[in-house]
Amino acid sequence: MSGDAGDVGRVLFDPNVTRDDATVALSRFVPSPDGRILAYALSDGGTDWDIWRFRRVADGVDLPDELRFTKFWELSWSRDSTAVYYSRYPARAGSAAAESRGDDQAQPVVYRHRLGSEQSVDERIYAVTDHPTRAPSASVSDDGRWLVVSLFDGYVTNGVDLIDLSKPGATR
């Protein structure tokens, strides 16, 4: 990939061509640390629910990976660009919208998704077990050592937990 200042850019993703009625919006995007993959989230019809997809920057081709049952939070890449950390809600049982929408009356849980795997095998990394209204979201520190878990509990009381990613299996 060249990166000269005079190079003409190209469109990597255009949400306006995803559907004829133009009801799909690009709600979030996060490039991988190595710049080779773009994680992007689509929202359909104005909903808060996102579906994350992953696109190779070099050729604009989507990987088969797809993350559902997410809303409100970004995902965070591992420093080696092979996985992402994200918060997801449990699937909503018996609902016609169960394909893309989770149960947002339940608490989200932080998972790790390794590119190339199904969402159903994502590793559960962090769940709040001691407080029914705290919602965790995670981001990897710039040096890649820490997973910083922010605990949202309204706009008055919040918290932070740290997971040492240099220690396999660490939970806090």
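Tell me the relative contact order for segment 14-134 as a rounded percent, counting alpha carbon contacts under 8 Å between residues six or more apart.
Numbers: 247 pairs, mean separation 19.9, N = 121.
About 16 percent, as a whole number.
Rounded to the nearest whole Å², what accessible area per residue is found for segment 26-103 with the 1.4 Å probe?
Numbers: 3620 Å² over 78 residues.
Roughly 46 Å² per residue, with all protein chains present.
Among A25, A135, A58, whose mean-square fluctuation peaks in a Gaussian network model of the chain (Cα, cutoff 10 Å)?
Looking only at A25, A135, A58, the largest GNM fluctuation is found for A58.
Once P(r) over Cα pairs in 10 Å bins from 0, in percent is worked out from the coordinates, which option in (i) 9, 26, 18, 14, 13, 10, 6, 3, 1, 1, 0; (ii) 9, 35, 35, 16, 4, 0; (iii) 7, 22, 23, 14, 8, 7, 9, 9, 2, 0 does it equal?
Computed from these coordinates, P(r) over Cα pairs in 10 Å bins from 0, in percent corresponds to label (ii).
Given a 1.4 angstrom probe, I'd like the percentage of the accessible area of the chain that is carbon and sulfur, rounded to a whole number.
50
Given the options S76, S137, S120, state which has the largest fluctuation in a GNM of the chain using a 10 Å cut-off (strictly under) for Cα springs.
S120
Compute a Gaussian network model of the chain, connecting alpha carbons closer than 10 Å, and tell me which residue from V11, V121, V149 fluctuates the most.
Ranking V11, V121, V149 by mean-square fluctuation puts V11 first.
Are there chymotrypsin sites (Phe, Trp or Tyr not before Pro) in segment 1-69 that DSSP marks as loop and that have at most 16 other Cβ atoms within 10 Å, and which are they?
In loop regions of segment 1-69 (DSSP not H, G, I, E or B), the sparsely surrounded chymotrypsin sites (Phe, Trp or Tyr not before Pro) are F13.
Between F13 and S139, what length in nm is gained on full extension when 0.36 nm per residue of separation is reduced by their alpha carbon distance?
Numbers: separation 126, 0.36 × 126 = 45.36 nm, distance 2.43 nm.
That works out to 42.9 nm of additional length.
For segment 123-165, with equal point scatterers placed on the C-alpha atoms only and solvent neglected, what are the log10 I(q)/I(0) values from the Debye formula at q = 0.20, 0.29 1/Å, to two decimals?
With no solvent term, the Cα-only Debye profile gives -0.63, -1.05.
The values are calculated or read from the model by the stated rules, or taken from the named source; none is laboratory data. Worth saying up front: this structure is predicted, and the values here are computed from it rather than measured. For neighbour counting, all protein chains shown are included, and Cβ atoms are generated from backbone atoms with ideal geometry for every residue, glycine included. When the accessible area is computed, the model is the full protein with side chains, heavy atoms only, and any ligands, DNA or RNA have been set aside. Shrake-Rupley method; radii C 1.70, N 1.55, O 1.52, S 1.80 Å.
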